[in-house]
Amino acid sequence: MKKPVQDTKTVVGAIDPDVLAFTVGKDPILDRRLAQWDCYGTAAHVTMLTAMQVEPRIFSAEERDAVLAQLAILRDRARTGQFEITEADQDCHLAIERNLTEALGTLGRRVHTGRSRNDQVAVAVRLFTRHELLGTQDEILALAEALIAFAREHRALPMVGRTHLQPAMPSSVGVWASAYGEELLDTLGIVRAAYDYVNKCPLGSAASYGVPLPIDRALTARLLGFRAPIHNVLAAGNARGKMESIVISACEQVMLTLSRLAQDLILFSMPEFGYFSISKEFCTGSSIMPQKYNPDVCELIRSKAAQVCALAGGAASIVEAMPGGYNRDLQDTKALLMEALDVTRASLRILSRLVSGLQPHPDRLRDAFKDPGVFATDRALELVAAGMPFRDAYHQVRDHLEDLRGMNPDETIAKKTHAGAPFGLDFDLYARRIAEEKAAVRTLDEAASKPLAELLGA
Ligand code: ARG
């Protein structure tokens, strides 16, 4: 005979403990990171309820201030990792309501007026993500800046340009490094688009169907520093999951760039190439082979990129399978979102340091030009400049590749002066773009953080 299971008492009623454990999953741990953001969401909601024209009032001004003071305490506890969420709480949302009720009695029992956990969690996840994406943008800019500084310093240093990994045409270290820098600046646009998507407020949509109370959704959006509310209540509800999928996809795009950069670094720092050396502090040794310095950081960035691609697929698959309206499946997008942001940000930070310490080896870079074939296209184009049709020049050079021996890579790349070529790279343009993007991130940061500080204090 199976022992009957005793129900566990929660804020919202009794639940079978096995069902509770299964449905709660990792929320008591993951939500420790969301709790501080829910405090802001709850503060905005309570402030709005206080201003709402109903009789009797839900909160007086003094009652509101008591709730806000308590929320500030909970916010500080959450920030310092001291906010406890039990399984019976289910998640940070009910844990906050329990804490408010323990501290303030009936006032705590009023805070959930006119909202659902569904808009509550959506707003907390958006505030969390907004904060993370501001950090991500800073970190993208720092890596782009490191790559472009490296490119500028070594812009005249020849480097074999490759296609199919085979020597193709003379190029430069400047082109190689600033290519990744520019790719990151362009990818920042994708992250910015994700930020704009995130920066709208779902609060007040409740369970996606609105409430029969005169709530002011524009006010809560403004109090939380969002650029606008998501207008349609069901659109606000349905955007959960979609938002996470968009953000993870943006992370995926960043990681695709980092992965190829990491792969180039692994390859070009091999003894057989020896173009660059990765500073020893970014390598690890072997337990058996005393001579080893392995490029583990770059290898792990390659695998992290693969994982973020998988997370993007995972989030899209969860969303794709669901009907509209809230479904508990959505809870599982939270772990994917947090992991993608954590991995992407950590990869950006470690690569910035690695690139800043990267050492080029001019002799090895020039040695790679010994095979004369790499000059073939440049020579054919010299013949073209003297009047020969390109196809004739192509055949003539192909039939006399040995004649190219002794061509000088430094002189060859110095002739490539058009926009974006080795001697036509516009480093002032890059500097301007970086400065503009930094200012844009600062503006977004202020628009997001000032209202929050006004709501609950810094
Ligand atoms: N922790 C839950 C989540 O992340 C909160 C929402 C639960 N809502 C519900 N209707 N069961 O989705």
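Go through region 98-133 and give me each residue that's of a type in the set (A, V, I, L, M, F, W, C) and more than 21 Å from ARG217 (Cα to Cα).
LEU100, ALA103, LEU104, LEU107, LEU133
State all residues of region 199-214 that are surrounded by fewer than 24 Cβ atoms within 10 Å (Cβ to Cβ) and within 22 Å of ALA448 (Cα to Cα); if no residue qualifies, say none.
ASN199, LYS200
Residues in region 58-76: is at least one in contact (Cβ under 8 Å) with a residue 40 or more places away in the chain and either within 16 Å of the ligand (Cβ to nearest atom) or exposed (fewer than 14 other Cβ atoms within 10 Å of the Cβ) (or both)?
The answer is no; no qualifying residue exists.
Regarding region 218-240, can at least one residue be identified that is in contact with a strand residue (DSSP E or B) (Cβ under 8 Å, 6 or more places away or on another chain), modelled with pLDDT of 95 or more, assigned to a loop (DSSP other than H, G, I, E, B) and surrounded by fewer than 21 Cβ atoms within 10 Å (Cβ to Cβ)?
Yes, the conditions are met somewhere in region 218-240.
Scan region 377-397 and tell me whether some residue there is assigned to a helix (DSSP H, G or I), exposed (fewer than 14 other Cβ atoms within 10 Å of the Cβ) and in contact (Cβ under 8 Å) with a residue 12 or more places away in the chain.
Within region 377-397 (the criterion being assigned to a helix (DSSP H, G or I), exposed (fewer than 14 other Cβ atoms within 10 Å of the Cβ) and in contact (Cβ under 8 Å) with a residue 12 or more places away in the chain), the answer is no, since none of the residues qualifies.
Suppose we filter HIS112, HIS164, HIS93 for residues that are farther than 27 Å from ILE246 by Cβ, of a type outside the set (Val, Ile, Thr), within 16 Å of the ligand (Cβ to nearest atom) and at pLDDT 95 or above; which single one remains?
Answer to the selection: HIS112.
Per-residue answers, yes or no, for (1) assigned to a loop (DSSP other than H, G, I, E, B); (2) touching a Gly at 6+ places or on another chain (Cβ under 7 Å); (3) not small (Gly, Ala, Ser):
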{"residue": "VAL54", "(1), (2), (3)": "yes, no, yes"}
{"residue": "ARG64", "(1), (2), (3)": "no, no, yes"}
{"residue": "GLN70", "(1), (2), (3)": "no, no, yes"}
{"residue": "ARG75", "(1), (2), (3)": "no, no, yes"}
{"residue": "PHE83", "(1), (2), (3)": "yes, no, yes"}
{"residue": "LEU94", "(1), (2), (3)": "no, no, yes"}
{"residue": "THR101", "(1), (2), (3)": "no, yes, yes"}
{"residue": "ARG109", "(1), (2), (3)": "no, no, yes"}
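Scan region 108-124 and report the pairs whose first residue is on the phi > 0 side of the Ramachandran plot and whose second residue is crowded, with 19+ Cβ neighbours inside 10 Å, with Cβ atoms within less than 7 Å and a gap of 6+ or a chain change.
GLY114/LEU49; GLY114/ALA206; GLY114/ILE215
Looking at (1) within 16 Å of the ligand (Cβ to nearest atom); (2) surrounded by fewer than 21 Cβ atoms within 10 Å (Cβ to Cβ); (3) hydrophobic (A, V, I, L, M, F, W, C), find the lone condition where ALA103 falls short.
(1)
Anything in region 398-427 that is closer than 26 Å to PHE150 by Cα, among the charged types (D, E, K, R) and assigned to a helix (DSSP H, G or I)? List them, or say none.
If the condition is that a residue be closer than 26 Å to PHE150 by Cα, among the charged types (D, E, K, R) and assigned to a helix (DSSP H, G or I), then ASP410, GLU411 are the ones that fit.
Of the residues THR443, THR417, only one is farther than 24 Å from ARG192 by Cα, among the β-branched types (Val, Ile, Thr) and modelled with pLDDT of 95 or more; which?
Just a single option satisfies the conditions, and that option is THR417.
Which of the residues belonging to region 205-226 are within 23 Å of LYS334 (Cβ to Cβ) and more than 16 Å from the ligand (Cβ to nearest atom)?
Residues satisfying the conditions are THR220, ALA221, LEU224, GLY225, PHE226.
Take LYS292 and decide whether it is surrounded by fewer than 24 Cβ atoms within 10 Å (Cβ to Cβ), charged (D, E, K, R) and under 20 Å from the mean Cα position of the chain (by Cα).
No; evaluated as a whole, the condition is false for this residue.
Quick check: anything in region 433-444 touching a strand residue (DSSP E or B) at 6+ places or on another chain (Cβ under 9 Å), outside any loop (DSSP other than H, G, I, E, B) and small (Gly, Ala, Ser)?
So far as region 433-444 goes, no, none of its residues is touching a strand residue (DSSP E or B) at 6+ places or on another chain (Cβ under 9 Å), outside any loop (DSSP other than H, G, I, E, B) and small (Gly, Ala, Ser).
When region 170-209 is examined, which residues are found to be closer than 30 Å to CYS39 by Cα and of a type in the set (S, T, N, Q)?
Passing the criteria: ASN199, SER205, SER208.
Let me confirm something: among GLU87, GLU139, which residue is farther than 18 Å from GLN36 by Cβ, within 14 Å of the ligand (Cβ to nearest atom) and either without any contact (Cβ under 8 Å) to a residue 12 or more places away in the chain or surrounded by fewer than 24 Cβ atoms within 10 Å (Cβ to Cβ) (or both)?
Only one candidate qualifies: GLU87.
Looking only at region 318-335, count how many residues are free of Cβ contacts under 8 Å to residues at least 12 places away in the same chain and within 9 Å of the ligand (Cβ to nearest atom).
1
Could you tell me whether LYS280 is among the basic types (Lys, Arg) and buried (at least 16 other Cβ atoms within 10 Å of the Cβ)?
no
Tell me, which helices (runs of 4 or more DSSP H) lie completely within region 260-376 with 3 or more residues that are small (Gly, Ala, Ser)?
Correct list: 296-320, 333-356.
Scan region 170-211 for residues that are part of a helix (DSSP H, G or I) and not charged (D, E, K, R) and report the count.
Number of matching residues: 21.
The values are calculated or read from the model by the stated rules, or taken from the named source; none is laboratory data. Model, not experiment: these values are computed from the prediction. Counting neighbours? That spans all protein chains shown, and the Cβs are built from the backbone with ideal geometry, glycine included.
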